[in-house]
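Report on one structure; see the data block that follows.
The values are calculated or read from the model by the stated rules, or taken from the named source; none is laboratory data. Quick caveat, the model's predicted, so the values are computed rather than measured. Neighbour counts run over all protein chains shown; Cβ positions are idealised from the backbone, glycine included. Accessible surface is based on the protein model in full, side chains and every heavy atom, while ligands, DNA and RNA are left aside. Shrake-Rupley method; radii C 1.70, N 1.55, O 1.52, S 1.80 Å.
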Amino acid sequence: MIFKKEITDKTNICFTSKVKGDIFSQADIVIEGEVSGKVLTSGKLEIKKSAQIVADLTAENIIIAGNVEGNIQTQKLEITETGKVFGNINT
């Protein structure tokens with residue numbers, strides 16, 4: 001029997017990681033660590049509770065559970081009860 005596996009692209013930045021610079025992707029992005037710069041994706045961007053972001057964010061769909069300091073450009077935005085945003089939001 002042959003199994004077909006669906007491959008989904010996703011960029012993960014784990015909670016022990018620190019990224020300084022710009023991140024550009026066509027895939028979904030999940031951030032649990034620290035990022036400073038810009039984050040741009042044509043997919044979904046998920047900012048986990050442990051994340052510390054100092055960056056402008058652009059994505060089709062953004063879910064924020066961590067801390068974000070920067071401007072946000074998105075079609076759909078969800079800020080959870082643990083999420084904090086300091087910046088301008090354009091949705």
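Select from segment 41-55 the residues that are among the charged types (D, E, K, R) and under 10 Å from the mean Cα position of the chain (by Cα) and write down the one among them that is farthest from F15 (Cα to Cα).
This residue is K44.
Looking at segment 5-12, is at least one residue modelled with pLDDT of 95 or more and crowded, with 16+ Cβ neighbours inside 10 Å?
no
For segment 27-42, does any single residue satisfy the condition of being open to solvent by 20 Å² or more (accessible area, probe 1.4 Å), farther than 15 Å from I79 by Cα, of a type in the set (K, R) and assigned to a strand (DSSP E or B)? Among the residues of segment 27-42, at least one is open to solvent by 20 Å² or more (accessible area, probe 1.4 Å), farther than 15 Å from I79 by Cα, of a type in the set (K, R) and assigned to a strand (DSSP E or B), which makes the answer yes.
Which ones in segment 7-26 are assigned to a strand (DSSP E or B) and either among the aliphatic types (A, V, I, L, M) or closer than 17 Å to T74 by Cα (or both)?
The initial filter retains those residues of segment 7-26 that are assigned to a strand (DSSP E or B), namely 10-13, 18-20, 23-25.
If the condition is that a residue be assigned to a strand (DSSP E or B) and either among the aliphatic types (A, V, I, L, M) or closer than 17 Å to T74 by Cα (or both), then I13, V19, I23, F24, S25 are the ones that fit.
Residues in segment 21-77 that are within 16 Å of N90 (Cα to Cα) and among the β-branched types (V, I, T): 9 in all.
If you check T16, T91, T82, which single one turns out to be among the hydroxyl-bearing types (S, T, Y), open to solvent by 70 Å² or more (accessible area, probe 1.4 Å) and out of contact with any strand residue (DSSP E or B) (no Cβ under 6 Å at 6 or more places or on another chain)?
From the options T16, T91, T82, the qualifying one is T16.
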